[in-house]
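Visitor: My structure is below; once you've seen it, I'll send some questions.
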Amino acid sequence: MKRYRIPIAVALFLLPVLARTVWFYQGIFWRAETPATPDYGAYVIPQPPLSTSVAAAESAPSRAIILLDQAHANMFSPSELESLTGILHARGARVESVALGSYDARTLADQLKYASAYISVCPIAAYSTAEIQLLQDFVRRGGRLLILTDPTRSAVTYDYYGYGSATVMADVIAANSLLAPYDIAFVDDYLYNMSVYEGNYRNVFFTDFSANPLTKDLTKVVLYASHSLKTGSGTVLIQSSRSTKSSRTDSDGAYAVAAVDSGANVLAIGDLTFLQPPYNQVADNAILIRHIADFLLEAPRIRDLKDFPFLFQREVAIVPMSDIPLSADLLGPIQALQQELAGAGIASAMSPGVLAGKDLILLATFSSPGIGDYLSPLGIRLPSQASFPSARAYPQIEIPGFGSVPASGIGLILFSRTDTRSTLILLAEDSSSLTELLGVIGPQGFSNCVLQGIAAVCGLAGGFGDFSNSWWQPYGVGTDEPSFDGTSTPMPAG
Amino acid sequence: MENFKTKWLSHPLAHPILWLALPLAVGVLVSLLIPRPIVGTIYLRDAIYSYSAGDIISQFRYAYDHSEIQAVVVVMDSPGGTVADTEALYLEMIRLREKKPVVVSIETMAASGAYYLAVGADYIIAKPSSEVGNVGVRTVLPSAPAVYEDDVSTGPYKFYGGSRDETLRLLDPLKQSFYQAVRLGRGEKLLTTPENILSGKLFIGSEALRLGLIDALGTYSEALEKAAALAHVWNFDTRDLRPLALGTESAAVVNGFFLETEDGSQSPYPRSAGVYYLYIPESDRRLP
């Protein structure tokens, strides 16, 4: 028994120890491996892809005037467009602001007369119907419209006095009102790509381009948060890969971000940031910006009489034909005409003949010698000289678009542009009628005239050409020539 | 007295008692030295910033240093916070896990940096309606560099810390490391795509469970039991580690993280600009 005492004692000693241990512990916590942590040193800050170096093509100097809309609460600063406007300036173009509250009294209608292109960036305030129509007419006559939007440029207003709710005013609403006639519409979204991006998920690579001068030489561009857009009849220029998503649906798709209308005069791009340093130098963005500048500068702007006095690109020589005596009656209206031109920044001077290197305003009568040389290229056929000045014979003038117009009591204003010169011809029955014709020219254009493209037919108070007599029968409802009793309409005294 | 001792020792049962009772008594006494296991609880009910992170790191260290703390449950209700403090907490938690299991119990929210911390745990339990996730980084880009007449510096970015573009690009490696932390923490249990996780979505607890962002739906009590089970202990005691580590019951708000509005209420915006693993509710995304 004695020899078991020690083991028993030890057992008794261990018993409570083991009991307590087992009471609390089922086993031993043992972790074989240290929990892994991110390899923080392995992550590097992503750098943008280097821009593709392409030498700028030689471009002809331009005197185009590009309008920059700043009258619609546009959410940008002009400095943000410097990469684009810098090219425009370097090419000789001038960028002019369209601003509200400016001391410049020129209206949009006036500015569009001399502009080649109109840029609208992130507009928030709505365009009026009149503005939309003016811009439509501008585009119809070859003006170019560039509309840039950006999902980061919405205006947010807060209801500080209520529940603090926020109202977001997206730039796409006003932009879409301009684009609606061209079948292009921005979507109020932004594009993103979670797997392939330039530094951030909202900076999307684009490698899918349609064949177009605006996408020439492009292999990859990056847009930095871009609205998508839709177009029916227009041409999609830049489209995303299918892994790109729209914030509107969070679904994959090939989204368009740039498009031109079917007439190729309206360009819509859903990003503004790509124009700003350093993003203008990423990938092929610089090439795209240069193409946009070309698009603005190469507007096939068709000048017509609506654009008066901005029909001329340089100094104008005012040339009376040889049968026009520079009477005191004529000099006054000529001086008024010169003032009108001067107001538009166009210098003018009287000249006895046509001068090389200058534009031309020709003062002539229907019977001026050699006038036919100027008129036949315009398709205008005058009656034979023998029929003048016998107004009773009612000689007819054939004007394309107008048909036959009686030569008496009217004046014609005609415009032509060739590679060498812009020419405005003021044509009336005689010198006194010409004086009256000069009087219809005013700051608002031509009064008492019907304008149609390059020709304006103006009723002169001294004749029967008042349109209320309506020799002009646009609907063909009457064929009788107006009666003429040979007396002039009495002029107001004084 | 001498007689009593002689009489007692001469008793036939005296020796067996001595040999049996004494070791047993000593054994009982020695067994009392074996500490009752404790599952410690650490509360993160604030944004993660220098003060809250400092408090919690002290508690992690206490748990690390004290053997009676066999496991830790971190109770979370946090929108996240600064990147650096989140990483500091995460790395301290990983260090603790080398010795002891850690379980996270999510109350209302473990968003952004709080979820970053949660994925460092052995096990994540949330309520069915807890908000979980919001993986990603946020910051406010600095202003474009400018110069001032009176406020001068020695470099163009002294005032700003970097250009807007550089600041934007900083986010990507932080996002990648966040995602790697999630991937390392959740491993095979993760049942959704990186894109879905990195979208920044907040998931409710039941959805988070389906996607593998958490391990179970349950209560704090279940979190304690899970922590004990992982530590292989039972009949354990529970302790709030804050008073043990810091000697105070509740966090002393030295400097609040959030900006106060003019009426004295707390905005969801941090006081200072910076880079954050932080969720800010959309309805409050308004600068005061």
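Bear in mind that the values in this text are calculations on the coordinates, not laboratory data. What you are looking at is a predicted structure, and each value in this text was computed from that prediction instead of being measured. All Cβ positions, even for glycine, are placed from backbone atoms using ideal geometry, and neighbour counts span all protein chains on display.
Visitor: Using only the Cα atoms of region B:144-262, what semi-axes does the equivalent ellipsoid have when each is the square root of 5 times a gyration tensor eigenvalue? Give whole Å, largest first.
Guide: 41, 26, 14
Visitor: Computed FRET efficiency, Cβ-Cβ of A:S195 and A:E82, R0 30 Å: what is it to the nearest 0.05?
Guide: 0.35
Visitor: A further question follows. What do you get when you divide the Cα radius of gyration of chain B by 2.2 N^0.38 Å, with N the number of residues?
Guide: Working it through for chain B, the quotient is 1.39.
Visitor: Tell me which lysines have Cα within less than 28 Å of B:K5's Cα, excluding those fewer than 8 residues away on the same chain?
Guide: A:K2
Visitor: With springs only between Cα atoms under 10 Å, which of B:L33, B:L174, B:L202 fluctuates most in a Gaussian network model of chain B?
Guide: In this elastic network of chain B, the residue with the biggest mean-square fluctuation among B:L33, B:L174, B:L202 is B:L33.
Visitor: Could I ask something else about it? If I take every Cα pair under 8 Å that is 6 or more residues apart in chain B, average their sequence separation and divide by the length, what percent do I get for the relative contact order?
Guide: RCO, chain B: 23 percent.
Visitor: Over 21 Å between Cα atoms: which of B:K175/B:K201; B:K99/B:K226; A:K220/B:K175 fall into that group? Could the numbers behind the result be given before it?
Guide: Numbers: B:K175/B:K201 14 Å; B:K99/B:K226 16 Å; A:K220/B:K175 25 Å.
Distance filter (> 21 Å) returns A:K220/B:K175.
Visitor: Among B:S112, B:S163, B:S58, which one shows the biggest mean-square fluctuation in a GNM of chain B, springs joining Cα atoms closer than 10 Å?
Guide: Fluctuation is largest for B:S163.
Visitor: A follow-up question, please. Tally the DSSP beta bridges in the protein assembly as shown and give the antiparallel ones as a percent, rounded to 5.
Guide: Values: 58 of 117 bridges.
Beta bridges within the protein assembly as shown, antiparallel portion: roughly 50 percent.
Visitor: What is the ratio of the Cα radius of gyration of the protein assembly as shown to 2.2 N^0.38 Å, where N is its residue count, to two decimals?
Guide: In units of the globular-protein estimate, the protein assembly as shown measures up at 1.57.
Visitor: Can you give the Rg/Rh ratio of region B:1-52, where Rg is from the C-alpha atoms and Rh is the Kirkwood radius?
Guide: In region B:1-52, Rg relative to Rh is 1.60.
Visitor: While we're here: Using Cβ counts within 10 Å as a stand-in for footprinting exposure, how do A:H89, B:H232, B:H11 rank, fewest first? Present the calculation step by step, with values, prior to reporting the outcome.
Guide: Working: A:H89 14, B:H232 17, B:H11 10.
If I rank by nearby Cβ atoms, fewest first, I get B:H11, A:H89, B:H232.
Visitor: Got a sec? How would A:V156, A:V266 order by Cβ neighbour count within 10 Å, fewest to most? Mind dumping the intermediate values first?
Guide: Values: A:V156 11, A:V266 26.
So the ranking, lowest neighbour count to highest, is A:V156, A:V266.
Visitor: So if we plug the beta-carbon distance of A:V156 and B:E207 into 1/(1 + (r/R0)^6) with R0 = 45 Å, what FRET efficiency do we get, rounded to 0.05? Walk me through the numbers before you get to the answer.
Guide: On the way: r = 30 Å, r/R0 = 0.67.
Step by step, r from the Cβ atoms, then E = 0.90.
Visitor: Which ordering of A:M75, B:M93 is given by a fewest-first count of other beta-carbon atoms within 10 Å? Display every interim value, and only then the final one.
Guide: Details: A:M75 19, B:M93 26.
Exposure proxy ranking, most exposed first: A:M75, B:M93.
Visitor: FRET efficiency for B:Q266 and A:D208, Cβ-Cβ distance as r, R0 = 51 Å, nearest 0.05?
Guide: 0.60
Visitor: Taking just the alpha-carbon atoms of region B:154-214, what radius of gyration and Dmax come out, in angstrom?
Guide: Here Rg and the maximum Cα pair distance are 16.5, 53 Å.
Visitor: Against the 2.2 N^0.38 Å scaling, with N counting residues, where does region A:199-306 land? I'd like the Cα-based Rg ratio to two decimal places.
Guide: Rounded to two decimals, the normalised Rg is 1.12.
Visitor: May I pose another question? Among all cysteines in the protein assembly as shown, which have no other cysteine Cβ under 4.7 Å from their own Cβ?
Guide: Among the cysteines of the protein assembly as shown, those whose Cβ sits 4.7 Å or more from every other are A:C122.
Visitor: Show me, for region B:129-141, the HN-Hα J-couplings you get by feeding each phi into the Karplus relation (A = 6.51, B = -1.76, C = 1.60, θ = phi - 60°), rounded to Hz, glycine and proline as x.
Guide: Residue by residue, region B:129-141 yields 9, 4, 9, 10, x, 6, 5, x, 10, 9, 7, 10, 5 Hz.
Visitor: How far, in degrees from 0 to 90, does helix B:164-186 lean away from the longest principal axis of the Cα atoms of chain B, to the nearest 10?
Guide: Compared with the principal axis, the helix lies near 30 degrees.
Visitor: What is the projected area of the convex hull of the Cα atoms of region B:190-238, averaged over all directions, in nm²?
Guide: Approximately 4.3 nm², given one-decimal rounding.
Visitor: Roughly what % antiparallel, to the nearest 5, for the DSSP beta bridges in chain B?
Guide: 25
Visitor: Report the residue, chosen from B:Y64, B:Y160, B:Y115, that carries the largest GNM mean-square fluctuation when chain B is represented by alpha-carbon nodes joined by springs under 10 Å.
Guide: With Cα springs under 10 Å in chain B, the top fluctuation among B:Y64, B:Y160, B:Y115 is at B:Y160.
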